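See structure below.
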Amino acid sequence: MIRQSTIRNYATRAPIRKSDRIVEEARKAGRQTAFLSHSHRDAEIAKGVQAFLQEHGWEVYIDWEDLSMPSRPSRETADKIKRRIKQLDWMLYLATANSAASRWCPWEIGYADGVKGVDRVVIIPTQDNQGNNHGNEYLDLYQHVDTAQSGGYGLFRPTDKRGVLLENVTR
């Protein structure tokens, strides 16, 4: 579990970027790309995840940073999200109380599971300030991000005790 307060601390380091450009820039630089499924109520945590992963060699797409997205959810929104999920290397699910209650997040993770397969869906389990853990229901199904024995953060398969450091993950 990653503490939400730890992730929030990264949000202040996050540069203001337009997610529609991140994909092209990342591909040119050979960096991992990921779609971040999250509740818009967790915008600060999402920005923190984006900055955190950027420090580990990943570029994270956040839909509300994409100027081509419609201002209100619509069929066009769903089509654009599906296109991005397919296009990017990974699908990340930011597990919080808000994402669990969201109508979009379960749809996004289900869609990603179908088009990307289980090996490309990653859960970011979190713990809130009250000590509640979020995302446990997915840890036996998908890879997840957690603290590595080396002190960094790694990508762990569902039943593995040893993971791969985020900066060493390859496409």
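The values are calculated or read from the model by the stated rules, or taken from the named source; none is laboratory data. Here the structure is a predicted model, which is why all the values come from computation and not from measurement. Here the Cβ positions follow ideal geometry from the backbone for every residue, glycine too, while neighbour counts run over all protein chains shown.
Overview of values
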quantity: Residue match in segment 130-142 (condition: closer than 16 Å to Thr33 by Cβ, modelled with pLDDT under 95 and surrounded by 12 or more Cβ atoms within 10 Å (Cβ to Cβ)); calculated: no
quantity: Test: residue in segment 72-84 that is in contact with a helix residue (DSSP H, G or I) (Cβ under 6 Å, 6 or more places away or on another chain) and β-branched (Val, Ile, Thr); calculated: no
quantity: Members of segment 77-110 that are outside any helix (DSSP H, G or I) and either surrounded by 13 or more Cβ atoms within 10 Å (Cβ to Cβ) or in contact with a His (Cβ under 9 Å, 6 or more places away or on another chain) (or both); calculated: Leu88, Asp89, Trp90, Met91, Leu92, Tyr93, Leu94, Ala95, Thr96, Ser102
quantity: Top-ranked residue of segment 9-39 - restricted to ones that are at pLDDT 90 or above and out of contact with any Phe, Trp or Tyr (no Cβ under 6 Å at 6 or more places or on another chain), ranked as farthest from Gly154 (Cα to Cα); calculated: Ser39
quantity: Members of segment 128-155 found to be touching a residue at least 24 places away in the same chain (Cβ under 8 Å) and hydroxyl-bearing (Ser, Thr, Tyr), listed by number; calculated: Tyr138, Tyr142, Thr147, Tyr153
quantity: Residue check, Glu108 among the acidic types (Asp, Glu) and without any contact (Cβ under 8 Å) to a residue 40 or more places away in the chain; calculated: no
quantity: In segment 54-76, residue surrounded by the fewest Cβ atoms within 10 Å (Cβ to Cβ) [restricted to those that are at pLDDT 90 or above and under 11 Å from the mean Cα position of the chain (by Cα)]; calculated: Ile62
quantity: Condition broken by Leu94, with the remaining ones in (1) under 21 Å from His134 (Cβ atoms); (2) free of Cβ contacts under 8 Å to residues at least 40 places away in the same chain; (3) touching a strand residue (DSSP E or B) at 6+ places or on another chain (Cβ under 7 Å) satisfied; calculated: (2)
quantity: Scan of segment 28-53 for residues that are buried (at least 16 other Cβ atoms within 10 Å of the Cβ) and in a helix (DSSP H, G or I), ordered by number; calculated: Asp42, Ile45, Ala46, Lys47, Gly48, Val49, Gln50, Ala51, Phe52, Leu53
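Yes/no per residue for (1) closer than 25 Å to His40 by Cβ; (2) of a type in the set (Val, Ile, Thr); (3) more than 16 Å from the chain's Cα centre (by Cα):
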| residue | (1), (2), (3) |
| --- | --- |
| Thr96 | yes, yes, no |
| Arg103 | yes, no, yes |
| Glu108 | yes, no, no |
| Glu137 | yes, no, yes |
| His144 | yes, no, no |
| Leu166 | yes, no, no |
